[in-house]
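The values are calculated or read from the model by the stated rules, or taken from the named source; none is laboratory data. Quick caveat: nothing in here was measured; it's all calculated off a predicted structure. Glycine also receives a Cβ, built like all others from the backbone with ideal geometry; neighbour counts cover every protein chain displayed.
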Amino acid sequence: MRPQEDRMEDLRSRALEYARRNRDVTLEQLVEFLGIPSVSQRPADKEHIRLAAEWIARRLESVPLERSEIMGTDGNPVVYAESMAAGPDAPTVMFYGHYDVQSAAPLNDWDNDPYEPVVIGDELFARGASDNKGMIMACVAAVEAAARAGELPVNIKFLIEGEEEIGSVNLPGFLSTHRELLSCDFVVNPDVGILGEDMPTIFYGLRGMFACRLKVRGPSQDLHSGGFGGVVHNPIHALCEIVAGLHDSEGRVVLPRFYESVRPLTEEEHAEMSSLPLDEDAYLRQSGAPELWGDKDYAPVERAGARPALDVVCIDGGTEKAAIPTEAAALLTVRLVPDQTPEEVRLQLTEHLEEHAPASVRWELENCEGFPASITDRKAPPVTALARSLERVWGSPPVFHRSGGSIAAVGQMQEILGVDSVLTGFSLPDDRVHGPNEKLHLPTWTRGIESLVHFLYELTGASGSQ
């Protein structure tokens, strides 16, 4: 082993020891971070958003990093930090995360206060425990361990935003304005999770998103259902008819040309997905549904991650005053796969509505927005370095998977910064992300921290065996 490799291995050992020794301190810090209810959907929580940004900025400064600051956007601020001390010949890694969280409402569905974290056995319960504050702190802990070991082996940047849960609406402007500042070789995004406690996972694909509000209007004013029932088409009824007509009897989306641009699965992907412990029984257990639904030509794991899906996630209209309402509306979301685009889906939906919406009502699409799916090269050096790191800690190679979820920032950074994201995470499928009693499995989280420590040294070409 050459002297440089010897030195890196010594630093790796010291960093791992530091991470293990400070595990309880890191957990205490995470608990403090989770106590800030930084919900981005609620304007009333602006003060908590500010407090969360300030908290993580201080934490990054204490790593220590050369620079840590809060930077403004047209919405919630971004926290940026960096250390470029490894020099121009070393890789530059940017860790992405978000300090905002989903609303915890309704609070009655929680067993404990979502902003007063509690540890029960091996689980930490709190809003944001898995999504995404726990993952941010895993990255911070790993970088701090390497820094305290003597020196960072690679250049480090952090980009932590406060609007991921509302679609990262102001991130593109920030990325465009600060393109040079944010230049890096790749991004590490730990916001997707792990398929099982003993199944380390690297995600190489994310579905994109198209979302819109379909509004259906009928009479010019609310009408008494006794006087006009059976005479005027109820907008709620019309909306339900439209929604019911978006799929055929086999669960396939019927929009014109909807599947024409969908990139087909390769034989390798078919084989890999079929080998995962995600059969019909697994999806039934995780969902609690009495029966699965969807296109029978594809396995559930394929439908969930590698095929597009159209869903109605909210319907509103009418009151309890026994009147036919003037309008009803539905929020539609379409999870996109390569090579679909939000614009083509908008045009397909418009064409479908023009042909099939009843003439007895008027309709319009509002708030149309979206972003494309993303795919990362599985053989890229950062991906293989992460694979080696996960295998060192778990004792088995990671599985590769395509997530059914969507992270706007991944596509935005691909498009604006020209960099791919390495996707992993350390939350489990049953961690109830976005739901009541969100939790974090602490042994898996601890393994994740150690994996990230290894990762920083694997990027240098070191080959230790800790």
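Structure above, values below:
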| item | result |
| --- | --- |
| Yes/no for residue 384 being at pLDDT below 95 and over 30 Å from residue 329 (Cα atoms) | no |
| Selection from region 249-261 of residues that are in contact (Cβ under 8 Å) with a residue 24 or more places away in the chain and in a loop (DSSP other than H, G, I, E, B) | 250, 251, 252, 254, 255, 256, 257, 258, 259, 261 |
| Residues being under 25 Å from residue 458 (Cβ atoms) and out of contact with any strand residue (DSSP E or B) (no Cβ under 8 Å at 6 or more places or on another chain) - total across region 112-139 | 2 |
| Some residue of region 14-26 being crowded, with 18+ Cβ neighbours inside 10 Å, among the small types (Gly, Ala, Ser) and either in contact with a helix residue (DSSP H, G or I) (Cβ under 6 Å, 6 or more places away or on another chain) or closer than 23 Å to residue 175 by Cβ (or both) | yes |
| Search result, residues across region 419-445 that are outside any loop (DSSP other than H, G, I, E, B) and surrounded by fewer than 21 Cβ atoms within 10 Å (Cβ to Cβ) | 442, 443 |
| Unique match (being assigned to a helix (DSSP H, G or I) and closer than 23 Å to residue 163 by Cβ) among 11, 30 | 30 |
| Residue 151 vs. criteria under 25 Å from residue 77 (Cβ atoms) and either without any contact (Cβ under 8 Å) to a residue 40 or more places away in the chain or assigned by TED's automatic domain parsing to the domain that holds residue 41 (or both) | no |
| Residue within region 371-383 that is among the aromatic types (Phe, Trp, Tyr) and farther than 23 Å from residue 173 by Cα present | no |
| Residue in region 369-385 that is in contact with a Ser or Thr (Cβ under 6 Å, 6 or more places away or on another chain) and either of a type in the set (Ser, Thr, Tyr) or without any contact (Cβ under 8 Å) to a residue 40 or more places away in the chain (or both) present | no |
| Residue count, region 264-319 (criterion: part of a helix (DSSP H, G or I), of a type outside the set (D, E, K, R) and surrounded by 12 or more Cβ atoms within 10 Å (Cβ to Cβ)) | 10 |
| Flag for residue 62 being hydroxyl-bearing (Ser, Thr, Tyr) and within 21 Å of residue 439 (Cα to Cα) | no |
| Search result, residues across region 320-370 that are of a type in the set (D, E, K, R), more than 33 Å from the chain's Cα centre (by Cα) and part of a loop (DSSP other than H, G, I, E, B) | 320, 321 |
| Evaluation of residue 24 against (1) within 16 Å of residue 99 (Cβ to Cβ); (2) of a type outside the set (Val, Ile, Thr); (3) modelled with pLDDT of 95 or more; (4) not in a loop (DSSP other than H, G, I, E, B) (one fails), failing number | (1) |
| Selection within region 386-395 - assigned to a helix (DSSP H, G or I) and either farther than 22 Å from residue 445 by Cβ or free of Cβ contacts under 8 Å to residues at least 60 places away in the same chain (or both) | none |
| Single unsatisfied condition, residue 389 versus (1) within 20 Å of the chain's Cα centre (by Cα); (2) crowded, with 19+ Cβ neighbours inside 10 Å | (1) |
| Cross-chain or 6+ apart pairs with Cβ under 6 Å, region 396-409 first and more than 10 Å from residue 337 (Cα to Cα), then assigned to a loop (DSSP other than H, G, I, E, B) and among the acidic types (Asp, Glu) | 407/191 |
| Residue match in region 388-399 (condition: under 29 Å from residue 142 (Cα atoms) and touching a Lys or Arg at 6+ places or on another chain (Cβ under 7 Å)) | yes |
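To keep it simple, each residue is scored yes or no on (1) without any contact (Cβ under 8 Å) to a residue 12 or more places away in the chain; (2) within 24 Å of the chain's Cα centre (by Cα).
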residue: 229; (1), (2): no, no
residue: 237; (1), (2): yes, no
residue: 247; (1), (2): no, no
residue: 263; (1), (2): no, yes
residue: 272; (1), (2): no, yes
residue: 279; (1), (2): no, yes
residue: 287; (1), (2): yes, yes
residue: 303; (1), (2): yes, yes
residue: 311; (1), (2): no, yes
